[in-house]
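These notes concern the structure reproduced below.
The values are calculated or read from the model by the stated rules, or taken from the named source; none is laboratory data. Since this is a predicted model, take the numbers as computed values, not measurements. Note that we place each Cβ from the backbone using ideal geometry, even for glycine, and neighbour counts take in every protein chain shown.
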Amino acid sequence: MLKNHTLFSQDILYLKADINYTEFYMNNGKKFTSSFTLKRYAEDERLKDFLRVNKSYLVNRKYIEDCRCRYKDLRIYLTNGDEIKVSRRRRMAVQESLQINTSVSLVD
């Protein structure tokens, strides 16, 4: 649990929802769990540089290495190698936020 830990936003790769808990994935490979929901963290001003890519993930823009479109499927690749799918509902907002060309490629 996250009890006596101080986490700095620049060290967080992403946050992942797990029912009523939130898992923090750190750039050093560690993982912490909080008893607060992802929604609460999404509204936190200290995490303003994070991007909500789907209902389960809040991603630190600093660690986004690449984005790839295939047909209408957009995926974000992080510096640690993790791949996160962007939801259909958030696709346009993510593309605009990351200033990605909105044309869709047919192949990788």
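Which members of segment 32-91 meet the condition of being touching a residue at least 12 places away in the same chain (Cβ under 8 Å) and on the phi > 0 side of the Ramachandran plot?
71
Find the residue count for segment 53-78, including only residues that are at pLDDT 95 or above and part of a loop (DSSP other than H, G, I, E, B).
2
Going residue by residue through segment 30-44, is there one that turns out to be farther than 22 Å from residue 91 by Cβ, exposed (fewer than 10 other Cβ atoms within 10 Å of the Cβ) and either over 13 Å from the mean Cα position of the chain (by Cα) or polar (S, T, N, Q) (or both)?
No, because not a single residue in segment 30-44 is farther than 22 Å from residue 91 by Cβ, exposed (fewer than 10 other Cβ atoms within 10 Å of the Cβ) and either over 13 Å from the mean Cα position of the chain (by Cα) or polar (S, T, N, Q) (or both).
All but one of (1) aliphatic (A, V, I, L, M); (2) over 17 Å from residue 13 (Cα atoms); (3) outside any helix (DSSP H, G or I) hold for residue 92; which doesn't?
Only one criterion in (1) aliphatic (A, V, I, L, M); (2) over 17 Å from residue 13 (Cα atoms); (3) outside any helix (DSSP H, G or I) is unmet by residue 92, namely (3).
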